[in-house]
Amino acid sequence: MRRRDLPVVVAILGLFTTALGGCGAPAEQGHRPDGAHVTIRVPADAPTISAAISLAQSGDLVLVAPGEYHESVKITTARVTLRGEVREKVVIDGRLRQDNGVVVAASGVAVENLTVRNNLQNGVLVTGSAKAATGLPGRGGGYDTGDEPIRFLNSFLVSHVTATRNGLYGIYAFSAQNGVIEHSYASGGADSGIYVGQCKPCGIVVRDNVAELNAVGYEGTNAGGDLYVVGNRFSGNRVGLTTNSDHQEKLLPQHGAVIAGNLVAANQQQATPEQADGGWGIGVGIDGGSGNEVLRNRITGNVHAGVVLTATQDIPPQGNRIVDGAFAANGIDVGWTFPGVAKGSGNCVQDAGTLRTMPDGLTAGARCPAAAGAASPSGTWPRPKPPPGIPFTEVAVPPVQPQFPDALTAGPTVLPAAPVFPDVAAAGVPPVSLFSDRAAIPVS
């Protein structure tokens, strides 16, 4: 047979194969079992995760066998569950060639029990924004969606996911509401490990996660209203946690997050990606955020400051409450500073211990409750010079993490319209050992 005839033969064979495949996807793209709410197995039923997702109908489970998958998975069918059989052995690896590992662009989707790594932008992105879903980052690493109308994705779950060595965020919920990020591990985020952005009200719970070896462990930008960040370990980052306002995203200003019962410790790890604005040695940063409740967190060993309260450009922080934390071995336990024209008001501190504050005397002069318009005092202290960071691709390999219960036998995950919010009153100060078995960076 002459070589020039090969393309014609291949085309004919392709048409023949398609005809044999029937009305669904081509045979080489797999087969969906008959029925409703079925399990599509990769690679038994479909050769790739993306092929299985394309076959899935609402209520189906895509169950992925151990392997390294070099693909970017986009889920646009509502109420689909994507689950790995073994968390650390089902790996979606971007090989630094693709923007995102998994993009969730439909409501009611659950992503469970797998690892995403080596993506140029995000490990897992959950978003109602069409622009964000196509991978168009804004100037600050988030998404500047311009004139695009706000569209929220409603109802999502990210559970037992390991997101490591990603160029922006490990797990990112943007323009999404009524979801849960839980039991996950994020490291090597060149911006932050876990990020919640542009939602008001959010209706989002971030609980029982470990974020370490990131530029920032957790970041919430223009995000508030039924937003609960509870019972997490944010240690060994450059900055542990921030909640802030940013003109690059919609829904200014940030207002109304609850940050309770977290371990925020030793956030001055050098072997981390260097943050764009040079943050270093800070436990909790509130930048232009208002109405936030910082309750019963253990904030320890942050070389610059435990909590920093400041303004973002023209947006002052107002009505933030820092209550009953356990502070130890920080450069400053609580520091308030307003170097620009925007000055804070109505902020307060309530603590039974003796805190080192800047300016001095916050626990007496700015004690909770504070009047809404009461001017917040401001101090200054030397800004630390952070050491050089490392590329996000060189961050340490994560420890083995807990598995999703009954991953092989549980059916599809059915999500409620809105999550059950945590009992904040039950969120006590955590021990230093919180999730230490899941962490690479020890805290003493």
Counted residues, segment 221-262 - those being farther than 19 Å from VAL424 by Cβ, free of Cβ contacts under 8 Å to residues at least 60 places away in the same chain and among the hydroxyl-bearing types (Ser, Thr, Tyr): 1
Breaking point among (1) of a type outside the set (A, V, I, L, M); (2) more than 20 Å from the chain's Cα centre (by Cα); (3) within 14 Å of VAL216 (Cβ to Cβ), for SER290: (3)
Qualifying residue in segment 427-434 (condition: in a loop (DSSP other than H, G, I, E, B), within 23 Å of GLY203 (Cβ to Cβ), touching a strand residue (DSSP E or B) at 6+ places or on another chain (Cβ under 8 Å) and modelled with pLDDT of 95 or more): yes
Residue that is nearest to ILE40 (Cα to Cα) [pool: residues in segment 412-426 that are over 21 Å from the mean Cα position of the chain (by Cα) and in a loop (DSSP other than H, G, I, E, B)]: PRO412
Lone unmet requirement of (1) among the aliphatic types (A, V, I, L, M); (2) closer than 29 Å to ASP287 by Cα; (3) at pLDDT below 95 for ALA417: (2)
Hey, ALA25 modelled with pLDDT under 95, of a type in the set (Gly, Ala, Ser), surrounded by 15 or more Cβ atoms within 10 Å (Cβ to Cβ) and under 26 Å from GLY94 (Cα atoms) or not: yes
Output for segment 299-322, where each listed residue is surrounded by fewer than 23 Cβ atoms within 10 Å (Cβ to Cβ) and either closer than 12 Å to ILE259 by Cα or among the basic types (Lys, Arg) (or both): ARG321
Enumeration of residues in segment 76-108 that are surrounded by 24 or more Cβ atoms within 10 Å (Cβ to Cβ), more than 16 Å from the chain's Cα centre (by Cα) and either of a type in the set (A, V, I, L, M) or modelled with pLDDT under 95 (or both): VAL80, LEU82, VAL90, ILE92
For ALA396: the one exception among (1) buried (at least 19 other Cβ atoms within 10 Å of the Cβ); (2) small (Gly, Ala, Ser); (3) under 24 Å from the mean Cα position of the chain (by Cα): (1)
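The values are calculated or read from the model by the stated rules, or taken from the named source; none is laboratory data. Values in this document were obtained by computation on a predicted structure and should not be read as measured data. Glycine gets a Cβ as well: all are built from the backbone with ideal geometry, and neighbour counts include every protein chain shown.
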